[in-house]
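Values quoted throughout were computed directly from the atomic coordinates according to the rules given, and no laboratory measurement underlies them. What you see is a predicted model, and the numbers here were worked out from it, not measured in a lab. Cβ placement follows ideal geometry from the backbone for every residue including glycine, while neighbour counts extend to all protein chains displayed.
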Amino acid sequence: MKKKLEHKPLIVLVFLCMAVFGLIDNLKGTLLPSIRLEFGVDYSAIGTMLFAASLGYLLASLVSGIAADRLGKKTILMFGFVLLIGATALFYVAKSFPVTVLLLLMISTGFGCVEVAVNSLGAQIFVTNAAVMMNMTHLFYGLGSSISPKYAGTMLARSLPWNYIYTITLAILIPGLIYMAFLRFPKTPEEESNNKMPAAQMLKSKKVWLIVATLGFCTVAELGMANWLVNFLQEVRGMGVEQSSSYMTFFFAAFMLGRLVGGYIAEKIGYIRIIMYFAIISMVLFVSGMFLDNSFAFLFSCIGFFVSIMFPTMMSVIMKEFPNGTSSIMGFAISAAGGINMIVNWIIGKTNDLLDVNYGFMSIAAYMLLIVVFIIPLRKMLTFDKSPDPVLADELHHGLTESEKAGL
């Protein structure tokens with residue numbers, strides 16, 4: 001009971017960090033048209049900007065996963081917040097495109113540190129019903145994400161400069177840093193014994209690379225929609241800022257709902273099967289939205305529900321498949337998957353310029369298909385029990401409350 005009480009402030013911190021992550025990280029999707037307009041850059045430049053942002057995230061995830069074992073998760077998390085505070089403060093005076101790229105690089109680097117630290121801390125705190133608790137953790141990313149486009153769209157509609165929209169987020173970043181400074185982070189037995197998979201073994205594992213590929217294209221399906229949907233609706237479908245931002249808000253509302261209930265569905269149906277099924281459904285909705293008129297644009301928003309569970313459920317797969325060295329594998333997988341997302345966003349930007357915005361956005365359907373392509377062989381290689389959780393199924397049948405299931 002004492003441990004549960006000690007963990008409650010950490011649980012609040014995990015949820016807070018994910019909400020802040022979702023809010024700030026997804027501002028750029030709504031602000032892309034404003035950035036293009038102010039600096040007069042083409043889509044290749046925007047793709048390069050997103051590439052640079054993903055590069056910062058990738059490198060930070062890789063380095064922070066290793067550094068966390070030596071310096072501790074708290075140090076890495078606080079360093080990430082310091083970077084975020086510095087970047088958002090400097091956005092107030094951002095007057096050129098190169099400076100904007102640099103500041104987005106700082107933000108993505110900060111979030112790379114936050115991502116690894118928070119997921120590792122979540123894996124430590126939530127031992128049972130991993131998919132449920134990881135989805136609940138990432139639910140707060142969806143909460144922040146659902147607020148993000150509406151907040152940005154409303155501020156733009158009131159003629160607030162786009163860069164000030166970043167600076168205002170200092171109002172939550174600074175209190176967040178102060179809050180975590182007073183918390184004590186427990187050490188895991190793994191950290192104390194330094195029991196982790198050697199890097200050479202990790203790089204030679206086909207299973208690890210299939211996890212990376214699956215996680216990477218799950219990330220593309222999620223962030224590809226977040227980065228490019230508003231731009232597509234404005235440039236191709238002719239929508240205004242507020243209308244297109246509303247569809248993005250609905251996307252993240254569906255995303256948040258998926259994070260709320262998706263973990264229970266994953267435990268009931270199975271981790272791998274639910275990712276495969278939801279990838280197929282997402283692809284069908286996406287293709288339907290592309291070929292139907294604006295009255296069916298809500299189909300793009302519905303995709304948020306189905307892509308929402310993919311990332312946290314893959315985190316749960318890593319936790320189950322690699323009980324020893326979870327943090328090392330998780331850090332590597334997040335970093336490598338970020339590399340896939342970085343390259344794909346650059347390709348989408350190039351496609352927008354060389355062909356058309358319509359074709360660039362449509363290519364996201366192909367990346368959704370690749371989730372299925374990689375997860376089928378991965379399923380055959382996994383050794384943990386991939387069947388539905390009978391304990392959770394019994395809990396759901398008898399109507400136990402969420403707090404009872406989580407042990408909070």
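Report whether or not Val132 is under 20 Å from the mean Cα position of the chain (by Cα), of a type in the set (Val, Ile, Thr) and buried (at least 24 other Cβ atoms within 10 Å of the Cβ). In short, yes. Residue count for the stretch 323-372 satisfying the condition of being polar (S, T, N, Q), assigned to a helix (DSSP H, G or I), out of contact with any Phe, Trp or Tyr (no Cβ under 7 Å at 6 or more places or on another chain) and more than 13 Å from Glu222 (Cα to Cα): 5.
Taken over the stretch 67-95, the criterion of being of a type in the set (Ser, Thr, Tyr), surrounded by fewer than 23 Cβ atoms within 10 Å (Cβ to Cβ) and in contact (Cβ under 8 Å) with a residue 12 or more places away in the chain is satisfied by Tyr92 alone.
Arg259 passes every criterion in (1) farther than 20 Å from Ile147 by Cβ; (2) basic (Lys, Arg); (3) touching a helix residue (DSSP H, G or I) at 6+ places or on another chain (Cβ under 6 Å) apart from (1). Of all the listed residues (Val261, Val317, Val287), the sole one being assigned to a helix (DSSP H, G or I), closer than 23 Å to Phe361 by Cβ and not charged (D, E, K, R) is Val287. If we scan the stretch 62-80, do we find a residue that is of a type in the set (Val, Ile, Thr) and over 19 Å from Met180 (Cβ atoms)? The answer is yes; a qualifying residue exists. Would you mention how many residues in the stretch 277-288 are buried (at least 17 other Cβ atoms within 10 Å of the Cβ) and either more than 19 Å from Phe217 (Cβ to Cβ) or in contact (Cβ under 8 Å) with a residue 24 or more places away in the chain (or both)? Qualifying residue count, the stretch 277-288: 5.
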